[in-house]
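Student: Pasting a structure here, questions to come.
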Amino acid sequence: MTGDYAMPSTTQMLALSPASATRGAERKETALQQRATMERFLAGVERRAFQMARYAVRDHDDALDIVQDAMLRLARSYAQSPPAEWPLLFFRILQNCIRDHQRRGSVRRRVLAWFAPRGDEPEAEDPLLALPGPASDRPDQQVAAAAAMTALEQAISALPARQQQAFLLRTLEGLDVAATAQVMGCSDGSVKTHYSRAVHALRAQLGDHAP
């Protein structure tokens, strides 16, 4: 017997099958769980990342932008990666974002210097470049803890970039030497050297505030 009936294709039959519907629901559930896991990770790391960025660029708003950019890059490129890999990936991305910002700032300073008025004209200095670092926005609390924290922030901000990275990744984020080396793109020995020099410099700078 012939007629207008056409046999469904294999793809159509699989799509209509209960097993296919179950797999689709499972994939959706997995995606939702992974998104929730990513959101929890970012929420947990946001404050520490902001502190690291602020120490590096010495500007509250720029630090926020850097952290948000790093979070977006992680979510877009590595959401499907195992969550155990996210900390290392995120801090590597964060350091790249910081370096990109500093590179753009360096170009900006060169351009401003090229076009700046010469001589004793007051406009020759860009006022934005003269803004103080993170110590300027601290609460004015007349207590020993606030003074110690201020001194620490100033001392960390004054560290050379590589020493600052090593110290913050090892101390603030708690990465081990190997993970820190991967984030910084250097050897374990270099991490140890940068970290040791940072600790000695901080102790010398903090004076009475040092533990």
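Student: Report the local net charge at Ala198: Lys and Arg +1, Asp and Glu -1, summed over other residues whose C-beta lies under 10 Å from its C-beta.
Tutor: So the environment of Ala198 carries a net charge of +4.
Student: Taking 0.36 nm per residue of separation and subtracting the Cα-Cα distance, what length does fully extending Arg73 through Gln205 add?
Tutor: Numbers: separation 132, 0.36 × 132 = 47.52 nm, distance 3.60 nm.
This chain segment gains 43.9 nm when fully extended.
Student: Please state the shape class of the range 23-114: rounded when a/c is under 1.5, otherwise prolate if a/b exceeds b/c and oblate if not, all from the C-alpha gyration tensor.
Tutor: Here the range 23-114 falls in the prolate category.
Taken together, the values in this text are just the output of simple stated rules run on the coordinates, not laboratory data. Here the structure is a predicted model, which means the values were calculated and not measured. Backbone-built Cβ (ideal geometry, glycine too); neighbour counts: all protein chains shown.
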